[in-house]
1. Would you mind checking segment 48-68 for residues with the amide N under 15 Å from a putative spin-label position 7 Å along Cα→C-beta of Gln34?
2. Of Trp69, Ile38, Phe143, whose Cα points farthest to the positive end of the dipole of the chain (charges on the beta-carbon: +1 Lys, Arg; -1 Asp, Glu; origin at the Cα centre)?
3. Please give the length that would be gained between Glu85 and His131 if that part of the chain were fully extended, namely 0.36 nm times their separation in residues minus their C-alpha to C-alpha distance (nm, one decimal).
4. Give me Rg/Rg_expected for the chain, where Rg uses Cα atoms only and Rg_expected = 2.2 N^0.38 Å with N residues.
5. Tell me what the chain gives for mean residue ellipticity at 222 nm when only DSSP H runs of n ≥ 4 count, each as -39,500 (n - 2.57), the sum divided by the residue total, rounded to 500 deg cm²/dmol.
6. Looking at segment 41-70, which GluC sites (Glu not before Pro) are DSSP coil and have at most 13 other C-beta atoms within 10 Å of their C-beta?
7. Under unit Cβ charges (Lys, Arg +1; Asp, Glu -1), what dipole magnitude, rounded to 20 debye, does segment 69-124 have relative to its Cα centre?
8. Loop only per DSSP, at most 14 neighbouring Cβ atoms within 10 Å: give me the GluC sites (Glu not before Pro) in segment 76-149, ordered by residue number.
Amino acid sequence: MLALAAMGEVQAMGKMCMFSAVQGVVTEHGKPVQGAVIRRGFFWHWKSERGSDEATTDEQGHFALPAIWRSSLFGALLPHEPVVEQQISIEYGGRSYVAWSFMKGSYRENDELFGRPLELRCPLENEPVKHRLKEDHVEHDIFGICELP
């Protein structure tokens with residue numbers, strides 16, 4: 001029984017967030033975009049694993065995608081530097097837009113924006129830009145058309 005309880009704790013420790021939940025709105029010149037396809041993908045370097053999902057915007061331009069979780073017993077036990085490449089693209093009107101491109105360096109949920117939820121505003125007319133975020137002497141860059149909270 002004790003061994004099973006310990007195994008459960010190790011599995012819980014091995015739970016790793018590849019991509020936090022994302023919600024947002026897509027607009028074009030201030031008007032909501034219905035029917036845009038939001039494609040989200042990741043590449044987890046530790047296990048050389050790729051994953052993806054997608055959503056479609058509603059009549060108000062809103063979309064939502066749940067957090068993506070993986071687990072690794074060895075990843076929980078062995079020291080290593082987490083590296084998860086993240087991308088979000090928006091497909092609309094025959095075009096593809098880079099909405100989000102980021103290298104996540106932890107397995108904590110909502111760590112992309114230093115603990116804040118991923119709530120994006122994505123005007124299609126924006127040019128992709130690099131957003132430099134800094135908190136507690138940690139800096140990272142997010143690239144894309146989406147505006148951050």
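Nothing in this text is a laboratory measurement; each read-out follows from the coordinates by a stated rule. Since we're looking at a predicted model, the values are computed, not measured. Virtual Cβ from ideal backbone geometry, glycine too; neighbours counted across all protein chains shown.
1. Backbone N within reach: 56-63.
2. Checked the options; the winner is Trp69.
3. Result: 14.9 nm gained on full extension.
4. Ratio of Cα Rg to 2.2 N^0.38 Å: 1.16.
5. -3000 deg cm²/dmol
6. Glu59
7. Computed charge dipole of segment 69-124: roughly 100 debye.
8. Glu125
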